[in-house]
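Inspection log for the structure reproduced underneath, given as structure tokens.
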Amino acid sequence: MRYDSPSKARESRRRRGTAAASAMVLASGLLLAVGQTAIGAENDPAPAQQRVDNPYDGAQVYVNPIWAANAAAEPGGSAVADQPTAVWMDRISAIEGNGSPTTGDYGLRDHLDEAVSQGADLFQVIIYNLPGRDCAALASNGELGPDELPRYESEYIDPIAEILADPAYSSLRIATIIEIDSLPNLVTNVGGRETATPECDEMLANGNYVNGVGYALAQLGAIPNVYNYVDAGHHGWIGWEDNFGASADLFFEAANANGATPDDVHGFIANTANFSALEEENFSIGDTINGQPIRGESSWIDWNNYVDELSFAQAFRQEAISAGFNSDIGMLIDTSRNGWGGSERPTGPGPETSADAYVDGGRYDRRINPGNWCNQAGAGLGERPTASPAAGIDAYVWAKPPGESDGSSEEIPNDEGKGFDRMCDPTYEGNPRNQNNPSGALPDAPISGHWFSAQFQELLANAHPPLGSGPGDPGDPGDPGDPGDPGPVTGCSVSYSVQSQWNAGYVAQVTVTNTSSTALPSWSLVWTNPSGQQVTSAWNASVTQQGSQVTASGSGWNGSIPAGGSVSFGFQGTLSGAHVAPAAFSLNNSACS
Ligand code: BGC
């Protein structure tokens, strides 16, 4: 999939907008893990439900068994194999099932039946088959020609709508993610811009993206348990001044086209199949170096108004509301491949010698250029799927199933309509769209949507949060029997001290010592916070609180603990009343003194 940005960069450089968005600094508490696999008894069809504000809240999300099997077959893959990923209807034959390696024999009904028998509350499906699909790139071109809107409606959307409306599935909340790679192209890749393509110009002129999205919204939105989320690109695509409001306006036009109304839109999704970091913590859009705003001086930011997906998604939500969408819309952010962990992850800001040194030295996103979009080397799994992680965000989701290719690194004949885009070729030296930088793509990739083992391995290796440290990570190396399980920790001790305390907050320091004779290749410390105490930020470890349970884990330089060694970290929290020290700690699931 192609989420181009350099065009926007170049465009913006020419127009140099002046409005500076203030960076939003947000607590990123992880509230609720979704998608624990639980195979429940067959559910009886339930009566149609009222739509809820956030369908992900409290929901067990469907785990696609085909993806899970591909993941579990990989060394180390069972660490994440029971995470929920979306089911892609990427061509008409996917509705019935077409036996491809990443969809198997499952059609839409098979998935829905399986979701019911899993006892799932929520099912995620991607609607992805517009006429003239992916007009600015080749790797995910589809089966329908630019003029085939009637086929899209009658052979694709209508059958999907009929299945989703079956009362057998009325107990499920169905999140439909509408047409990745489409509408933003009609803002950024048309009309004489440097990055215009004839294909996108054609889709703007014939109206088939707008009318196709409108049709999908109207037909699917008429089903009471369906929640439509429209693709909103990502910050490195529509985060520039010129593209941001224009995209919201175009989405509003589509939400009023071909029978749709804005009530058919429950929200938007950002970053599907892209790699933009969730939060860049080492710099903010409003920072200055040598008195100059990094927004204009850093070639990485290059006049964008956002530096990461969380700030972008929250701001885009407001923009969409201003454009006319309902005030209760919610955002999804795809965190399947934006983890950027591993040894290359910066541990602090870059040097303040220049804006480039500062931003490039501190940014988590290690792509060569933000215009790179295909099978990026160095990427890792991001936040695990989580409900209500931040204001305005319904969930972090894995819409792009990790391990499925973005496009082939060389031409591979196929019957899916997929082309060969040189942005997927690691030897490609780039073009003006990525400012003539190498593509940054991994070699030996299969066509888009097909399983790409080497990429999956890379995503596991560079996961951030690291594997085993996220709520719901069954691959926690402390989990008995999981691959990478170093066995029980035979000796550990924890010292916990409060460094300072004020009326509503405190700072604590924790030192974990591995008193056993075996090194711990990774560690995860868990404790229960007494009521009223809530972790808000941390240093030298990732510390998250879910309910009263706190999980701390290290990565990079403090990601392992040698035999007899220690790691220390600190955190800040809020409290009501006097601070109470936690009563017990467990390290990799073994109790510590
Ligand atoms: C491909 C689709 C595939 C999807 C999920 C897209 O890039 O074009 O065929 O279903 O990715 O992997």
So, R0 is 45 Å and r is the distance between the beta-carbons of residue 321 and residue 415; what FRET efficiency does that work out to, to 0.05?
0.60
Label points 7 Å out from Cα along the Cβ direction at residue 249 and residue 572: separation in nm?
4.1 nm
Packing rank of 211-224, 194-207, where each peptide gets the mean count of other beta carbons within 10 Å, highest leading:
211-224, 194-207
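How much area per residue is accessible in the chain when the probe is 1.4 Å and only protein heavy atoms are counted (Å²)?
On the way: 20370 Å² over 593 residues.
That works out to 34 Å² per residue.
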In whole angstrom, how far apart do the alpha carbon centroids of region 272-328 and region 544-561 sit?
27 Å
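On a full-extension model of 0.36 nm per residue, what is the gain between residue 154 and residue 444, subtracting their alpha-carbon distance, rounded to one decimal in nm?
Values: separation 290, 0.36 × 290 = 104.40 nm, distance 3.71 nm.
Contour length minus Cα-Cα distance gives 100.7 nm.
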Length added when fully stretched, residue 73-residue 52, from 0.36 nm per residue minus Cα-Cα
3.9 nm
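Whenever you get a sec, compute what percent of the accessible area on the chain sits on carbon and sulfur atoms (1.4 Å probe). All intermediate terms of the calculation are to be shown ahead of the outcome.
On the way: 10160 of 20370 Å².
Solvent-exposed carbon and sulfur of the chain make up 50 percent of the total.
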Taking R0 as 22 Å, what FRET efficiency do you get between residue 563 and residue 497 from their Cβ-Cβ distance, rounded to the nearest 0.05?
0.35
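Taking the Cα centre of region 340-394 as origin, work out the dipole magnitude from +1 charges on Lys and Arg Cβ and -1 charges on Asp and Glu Cβ, in debye rounded to 20.
In debye, rounded to 20, region 340-394 gives about 160.
Rank-order 374-384, 164-174 by packing density, defined as the average count of other C-beta atoms within 10 Å over each peptide's residues, highest first.
374-384, 164-174
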Where the centre of each part is set by its Cα atoms, how far does region 564-593 sit from region 59-122, in angstrom?
38 Å
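Could you work out how much longer the chain between residue 194 and residue 292 gets when fully extended? Use 0.36 nm per residue separation minus the Cα distance between them, nm to one decimal.
Details: separation 98, 0.36 × 98 = 35.28 nm, distance 2.80 nm.
Answer, rounded to one decimal: 32.5 nm.
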Cysteines without a disulfide-compatible partner in the chain, using Cβ under 4.7 Å as the rule?
none
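The values are calculated or read from the model by the stated rules, or taken from the named source; none is laboratory data. Predicted model only: the values in this text are computed from it and were never measured. We place every Cβ from the backbone using ideal geometry, glycine too, and count neighbours over all the protein chains shown. For the accessible areas, the whole protein counts, side chains as well, though only heavy atoms, and no ligand, DNA or RNA atoms are used. Shrake-Rupley method; radii C 1.70, N 1.55, O 1.52, S 1.80 Å.
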